[in-house]
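A quick write-up on the structure given underneath.
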Amino acid sequence: MAATIYVLNGPNLNLLGKRQPEIYGKDTLADIEAACRALAAELGLELVFRQSNHEGELVDWIQEAREKAQGLVINPAGYTTTSIAILDALLTCPFPIVEVHLSNIHKRESFRQHSYVSLAATGVIAGCGAHGYLLALRHLARLLEARG
Ligand code: CA2
């Protein structure tokens with residue numbers, strides 16, 4: 001049976017491609033979803049791709065993933081630096097988690113540089129733009145294959 005990967009996106013990422021392209025790139029979230037779906041098909045993965053502006057909804061989806069997924073990619077956006085609730089939910093997940101940021105948060109304001117989510121992440125990708133999501137999917141596929 002194909003492994004299922006959840007790709008979760010936090011607040012304001014629905015605006016991608018419409019504002020601040022110099023920081024976040026020209027791709028819309030729909031473009032990123034399409035690229036992730038194409039790669040997932042190639043890798044033989046089932047994909048669930050979602051975005052929410054609400055912390056509790058993201059927590060609900062992480063809990064859902066806990067039951068249904070074998071891996072998770074998350075761009076927590078503005079919740080990266082604030083959400084102990086998202087961290088706590090991620091810490092209950094028994095599978096690998098890759099944290100993705102479109103921009104290089106380490107080159108930006110200092111308040112963006114501390115991530116609660118990183119405490120639960122297997123790996124972190126920042127500054128690779130939309131391609132970071134594809135790198136994350138490839139990494140999860142590789143880990144799942146190695147685990148058999
Ligand atoms: O670089 C990233 O992916 C971030 O997670 C994006 C977050 C930011 O708070 C993090 O520090 C880094 C912001 C997402 C907001 O997305 C927008 C997209 C287009 C226009 C305005 C905001």
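The values are calculated or read from the model by the stated rules, or taken from the named source; none is laboratory data. Given the structure is predicted, the values throughout are model-derived calculations rather than measurements. FYI the Cβ positions are ideal-geometry reconstructions off the backbone, even for glycines, and counts take in every protein chain you see. Just the protein is used for accessible areas: all its heavy atoms, side chains included, with ligands, DNA and RNA removed. Shrake-Rupley method; radii C 1.70, N 1.55, O 1.52, S 1.80 Å.
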- [ ] Compute the distance in nm between two label points, each set 7 Å from the Cα along the Cα-to-Cβ direction, one at Gln63 and one at Ala85.
- [x] 1.1
- [ ] State the percentage of accessible surface on the range 88-148 attributable to carbon and sulfur atoms; use a 1.4 Å probe and exclude ligands, DNA and RNA.
- [x] 53
Task: At R0 = 22 Å, FRET efficiency that the Cβ-Cβ distance of Lys18 and Phe111 yields, to 0.05 - done: 0.40
Task: Kirkwood hydrodynamic radius (C-alpha pairs) into Stokes-Einstein, the range 35-125, 37 °C and 0.692 mPa s, D in µm²/s - done: 239
Open item on the list: At 1.4 Å probe radius, can you tell me the per residue accessible area of the chain in Å²?
Closed with: 51
Open item on the list: Checking understanding here: applying a Kyte-Doolittle mean of at least -0.5 and a length along the axis of at least 15 Å (C-alpha), which whole DSSP H helices in the chain pass?
Closed with: 29-43, 131-147
- [ ] Using packing as a proxy for protection, rank 59-68, 104-113, 31-40 so that the peptide with the highest average count of other Cβ atoms within 10 Å comes first.
- [x] 31-40, 59-68, 104-113
